[in-house]
Amino acid sequence: MKTLKKIFLAIIIIIMLLVIIALFLPMTYHVERSTVIKGDKALIYNLTSNLNKWDIWTPWTKKIDSTAVFELVGPDGQVGTMRKWDGKIIGNGQMTLTQLVPGELVGYDLSFQKGKYKSKGKVIIETKGDSAKVSWTDDGNLGYNPISRYMGLFMGKMMIPEFDKGLAKLKKVVEERNGWPKIEEKLMPEQTVLIIRDSAGPKTYAQVLGKGYGEIMQFIKVNKLQFKGHPFAIYLKYDTVTMFSVMDMGIPVEKAEKGKGRVRVEKIPAGNAVVAYYFGPYEKTGPTYNALHQYCKEGGKVTIGGPWEIYVTDPMTEKDPMKVETDILFPVK
């Protein structure tokens, strides 16, 4: 009996000592990691200020937890917007944007396990010559809970490897995009268009396109219609081996009632798209297509329908091929 009392007393003393020691442990913690990225600050800011784009570079995605469900509350990239998640491995939590300084700072509040654990994070972007220093920080208040205070001793060991993984992926993504044309996501408005469907191969593209747009231009002239955009082509089918394609050639107009002959009138509904702005000879658009495919893959964008080419510059009037603009558009959902 005396032995049991001694053991019990020893346990009580150990617990009291641990509690007393906890009172002297830090009430707060700070984790900070940084890297230098050779790339556009605007791109870094875009990837870090839009919460849905954190899937592109952070470790905490469906790749490590296939059960995870993510939800965006509010318009992305704005103060007050929240991202929630729940999964068997990554648990549940939410992130809320609290401070945004374009090109310089992204501030947010974090909450885990239904508010049991909270912290504040920042992504700070600083110019370093042709590069940017990106620092990722997390600050938490551990309160008076002794267990939380002891956990604070291990926050760095737990978070630093994850922060390093995220910054390394962010660096890789940004530096790979240095050679890409400008790419943005936009909502395409509803359009009334005149369209001709045809097909062509590598030796007949110029002839088929020239004839098709000529017919549409003649239809516009005869019916006294008003242009409302640049000529475009939607590539409905494309054979990568033969380079044979089926396409809709079109020109947007203010309004039109009905077509004639090969020319038909269509209304194309509004929809989301990823657009790349390419300048240069048409035959060198291949890398731009590759960049768009990679952009959609990284961002989880699902393409719908065929790609568009919008011919902003007429190569017959612009003699410098590097000034010829072709906007390449992928409709997405």
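Bear in mind these aren't lab numbers, they're just calculated from the coordinates by the rules spelled out. Given the structure is predicted, the values throughout are model-derived calculations rather than measurements. No Cβ is skipped: glycine too gets one built from the backbone with ideal geometry, and neighbour counts run over all protein chains shown.
Provide the FRET efficiency to the nearest 0.05 for the Val73-Lys211 pair, computing r from the beta carbons and using R0 = 56 Å.
Numbers: r = 51 Å, r/R0 = 0.91.
With R0 = 56 Å, the Cβ-Cβ based efficiency is 0.65.
Tell me, what ³J(HN,Hα) does each residue in region 95-106 have, in order and in whole Hz, if you take phi through Karplus 6.51 cos²θ - 1.76 cosθ + 1.60 with θ = phi - 60° and put x for Gly and Pro?
10, 10, 5, 10, 8, 9, 10, x, x, 10, 8, 10
With axes computed from alpha carbons, what is the tilt in degrees of helix 286-298 against the longest principal axis of the chain, rounded to the nearest 10 within 0 to 90?
With both axes taken from Cα atoms, the answer is about 40 degrees.
Normalised by the residues of region 25-179, what does the relative contact order come to in percent, with Cα pairs under 8 Å and at least six apart? Walk me through the numbers on the way to the answer.
Values: 313 pairs, mean separation 50.3, N = 155.
It comes to 32 percent, rounded to a whole number.
For Met82 paired with Lys182, estimate the spin-label separation in nm (one decimal), with each label point 7 Å from Cα along the Cα-to-Cβ line.
Result for the modelled spin labels: 3.6 nm.
At what distance in nm do the modelled label points of Met158 and Gln113 sit from each other, each positioned 7 Å from its Cα along Cα→Cβ?
In this crude spin-label approximation the distance works out to 0.7 nm.
When the helices in the chain are scored as -39500 (n - 2.57) per DSSP H run of 4 or longer and the sum is shared across all residues, what 222 nm value do you end up with, to the nearest 500 deg cm²/dmol?
Numbers: 7 runs with 95 residues, N = 333.
The helix-only estimate for the chain comes to -9000 deg cm²/dmol at 222 nm.
Spin-label point model (7 Å from Cα, Cβ direction): what's the Ala270 to Gln218 distance in nm?
3.7 nm
May I ask for the net charge around Asp248, where only other residues with Cβ less than 12 Å from the Cβ of Asp248 are counted and Lys, Arg are +1 while Asp, Glu are -1? Numbers along the way, then the final one.
On the way: positive: Arg197, Lys237, Arg262, Arg264; negative: Asp198, Glu266, Glu309.
Computed value for this residue: +1.
Under the definition of Cα pairs under 8 Å and six or more residues apart, what whole-number percent is the relative contact order of the chain?
Working: 634 pairs, mean separation 50.9, N = 333.
Reported relative contact order: 15 percent.
State the extension gain, in nm to one decimal, for the chain segment bounded by Asn290 and Val302, taking 0.36 nm per residue of separation less the distance between their alpha-carbons.
2.8 nm is the gain from fully extending Asn290 to Val302.
What do you get for the angle between helix 2-23 and the principal long axis of the chain? Use alpha-carbon atoms, 0 to 90 degrees, nearest ten.
The helix 2-23 is inclined about 50 degrees to the chain.
Based on the Cβ-Cβ distance from Phe227 to Asp130, what FRET efficiency comes out when R0 is 51 Å, to the nearest 0.05?
Working: r = 41 Å, r/R0 = 0.81.
Between Phe227 and Asp130 the formula returns 0.80.
Taking 23 Å as the cut-off for C-alpha to C-alpha distance, list the pairs among Lys186/Lys301; Lys122/Lys182; Lys284/Lys319; Lys122/Lys169; Lys133/Lys301; Lys53/Lys165 that go past it. Could you put the intermediate results ahead of the total?
Working: Lys186/Lys301 13 Å; Lys122/Lys182 26 Å; Lys284/Lys319 17 Å; Lys122/Lys169 17 Å; Lys133/Lys301 29 Å; Lys53/Lys165 16 Å.
Over 23 Å apart, Cα to Cα: Lys122/Lys182; Lys133/Lys301.
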